[in-house]
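Heads up: the structure comes next, in structure tokens.
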Amino acid sequence: MQPVGHAGQIVATTTMASVSLADATGAHAIHFLWSDGRDLEPPSHRTLDALCVLSAAAAVALRRLQDAEDAGRAIERGRQETFESQHRFRNVLSFVRSIVRRTMQSAESPEEFALHLEARIGALSRTQTTLNVVGTAGVEIEDLVRTELRANAIRDEQVDIAGPSVRLRARAAETMALTLHELAINSLKYGALSGRGGRTSIEWSTGSSRDASRMQFRWFESGVPIASTAPRHRGFGRELIENTLPYELDALTRFELTPGGVHCTVDLPLNLRTTNASVAFAATASGR
Amino acid sequence: MAKHRSTVAAVDLNGLRVLVVEDDYFIADEICSTLRRCEAEVVGPASDLQRGMQLLHEAQVDCVVLDVNLHGEISFDLAAELKRRNVPLIFASGYDAGMLPEALAPSVWLEKPIDLAALLYAVKAATHRPARAVLP
């Protein structure tokens, strides 16, 4: 008796019967074929006893076959995951290198360079941590906002935060988190969060026009008395807002230094690049 | 600090038109400004495959620097089109070169983070420009 065979193979067991482990299409099945090619005669007790043994042997063989296939799929999945995680890791490293270059170009002193670089890498690393937890489900924009404010010791009562659930995919989350970081730092230094009065309102809404759903994100400061002392050169934050977000995510953006404080808007398309499929389609379907 | 200049070696790419297809803004900007510093004319950059393909149809290019994964889309179809047209191609990717399909081998494959000096030499080699000494 030879209980293990591969797909399609017919395993001879006794002179009376044989067992096939899989059918021609590759699907798992157990076939019993009587050796004389006829099944008109009712099987004898002896045959039925043999059938019990055969069934057990066939089930074990099928189980081994399935295990082998599962193991094969797991190995292939592991290989893909290794490719993907290596890709992600290298992309994050590339992003870090870009941040280092940009920070170096605009820093006035080694101290300022170190300070800004550490803070930016901190913001990126917080986003990576969140992304590792949520996976493909995406990061809630509100979580990005609150995490960034908390990291900079900004209390909830200092800002008005409001907006619906929007889950951002990795790249959108990273860029938005860094943008929020730059806006928060700027506001702490010169704006509404600097303790000289003024309000910061961080609000977003979703809507759709024709074929696209979008998120309108607004960072509005008001009542800032001396916003004019803020540096007017284009730094890393403005580059993120005015170049990175439009280039990578097709966002329409605006950054203004008004007498009352910073007005920044990011109009982000909600599509497969920026959010997960169900959210993008749900927003379109409901017509909000 | 603000006076920082890149230390990438001077390579003369004068007269070359290079299409850059890369979805990361900062990487695209670094590649483009490095190419421009060496006098190359940059076409693009294109942040997705559709735009990359469109630019390829619109402009005559001598070489293409191509990312592999653009917003989740793999660029091997565009790469195959370039092979058909005999346009030199340099991959710049966060993936391992092991994922390159056999039909596209051999191709120049630079792993991210990209060594910008290596990119310049690769562009020069791919376009068969005779070496010329350039003083910094």
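For the stretch B:52-70, a residue qualifies if it is part of a strand (DSSP E or B) and more than 20 Å from B:Ala125 (Cβ to Cβ), and the qualifying residues are B:Asn69, B:Leu70. Where residues in the stretch A:103-121 are modelled with pLDDT of 90 or more and open to solvent by less than 20 Å² (accessible area, probe 1.4 Å), which of them is farthest from the other protein chains (Cβ to nearest Cβ)? Restricting to residues being modelled with pLDDT of 90 or more and open to solvent by less than 20 Å² (accessible area, probe 1.4 Å), the top hit is A:Arg120. If only residues of the stretch B:43-60 that are in contact with a helix residue (DSSP H, G or I) (Cβ under 8 Å, 6 or more places away or on another chain) and under 8 Å from B:Leu19 (Cβ atoms) are counted, the one that is most open to solvent (accessible area, probe 1.4 Å) is B:Gly44.
Hey, any hits in the stretch A:103-116 for a residue that's in contact (Cβ under 8 Å) with a residue 24 or more places away in the chain and over 30 Å from A:Arg238 (Cα atoms)? No, because not a single residue in the stretch A:103-116 is in contact (Cβ under 8 Å) with a residue 24 or more places away in the chain and over 30 Å from A:Arg238 (Cα atoms). Residues of the stretch B:24-41 that are open to solvent by less than 40 Å² (accessible area, probe 1.4 Å) and within 14 Å of another protein chain (Cβ to nearest Cβ): B:Asp24, B:Tyr25, B:Phe26, B:Ile27, B:Ala28, B:Glu30, B:Ile31, B:Cys32, B:Thr34.
Under 22 Å from B:Met53 (Cα atoms) and of a type in the set (Val, Ile, Thr): is that true of B:Ile90 in this structure? Taking the combined requirement at face value, the residue satisfies it. Screening the stretch A:155-228 for strands (runs of 3 or more DSSP E) wholly inside it with 2 or more residues that are modelled with pLDDT of 85 or more and of a type in the set (Lys, Arg) returns the ranges A:212-222.
If you go through the stretch B:84-109 one residue at a time, how many are within 13 Å of chain A (Cβ to nearest Cβ) and at pLDDT below 90? Here the count works out to 9. Going through the stretch A:73-102 one residue at a time, which ones are under 21 Å from A:Thr175 (Cβ atoms), of a type in the set (A, V, I, L, M) and more than 7 Å from every other protein chain (Cβ to nearest Cβ)? A:Val92, A:Val96, A:Ile99, A:Val100 - these are the residues of the stretch A:73-102 that are under 21 Å from A:Thr175 (Cβ atoms), of a type in the set (A, V, I, L, M) and more than 7 Å from every other protein chain (Cβ to nearest Cβ). Against the list (1) at pLDDT 90 or above; (2) open to solvent by 30 Å² or more (accessible area, probe 1.4 Å); (3) within 12 Å of another protein chain (Cβ to nearest Cβ), the condition A:Thr136 fails is (1).
Given the structure, is B:Glu81 open to solvent by 60 Å² or more (accessible area, probe 1.4 Å), over 18 Å from B:Leu110 (Cα atoms) and away from chain A (no Cβ under 14 Å)? When the stated conditions are applied, B:Glu81 does not pass them. Scanning the stretch B:11-23 for residues that are charged (D, E, K, R) and either free of Cβ contacts under 8 Å to residues at least 24 places away in the same chain or open to solvent by 10 Å² or more (accessible area, probe 1.4 Å) (or both) turns up B:Asp12, B:Arg17, B:Asp23. A Cβ distance below 8 Å, combined with a sequence gap of six or more or placement on separate chains, defines the contacts here; from the stretch A:63-77, residues that are of a type in the set (A, V, I, L, M) reach residues that are open to solvent by 80 Å² or more (accessible area, probe 1.4 Å) in the pairs A:Leu65/A:His6. Could you please let me know if A:Glu142 is more than 16 Å from A:Gly235 (Cα to Cα), in contact with a Ser or Thr (Cβ under 8 Å, 6 or more places away or on another chain) and open to solvent by 50 Å² or more (accessible area, probe 1.4 Å)? For A:Glu142, the condition - more than 16 Å from A:Gly235 (Cα to Cα), in contact with a Ser or Thr (Cβ under 8 Å, 6 or more places away or on another chain) and open to solvent by 50 Å² or more (accessible area, probe 1.4 Å) - is met. Which ones in the stretch B:84-119 are open to solvent by 30 Å² or more (accessible area, probe 1.4 Å), more than 15 Å from the chain's Cα centre (by Cα) and under 20 Å from A:Arg88 (Cβ atoms)? Once the filter is applied, which keeps residues that are open to solvent by 30 Å² or more (accessible area, probe 1.4 Å), more than 15 Å from the chain's Cα centre (by Cα) and under 20 Å from A:Arg88 (Cβ atoms), the stretch B:84-119 yields B:Asp96, B:Ala97, B:Gly98, B:Met99, B:Leu100.
The values are calculated or read from the model by the stated rules, or taken from the named source; none is laboratory data. Keep in mind it's a predicted model, so treat the numbers as computed, not measured. All Cβ positions, glycine included, derive from the backbone under ideal geometry; neighbour counts span all protein chains shown. All accessible areas refer to the heavy atoms of the entire protein, side chains included, with ligands and DNA or RNA removed. Shrake-Rupley method; radii C 1.70, N 1.55, O 1.52, S 1.80 Å.
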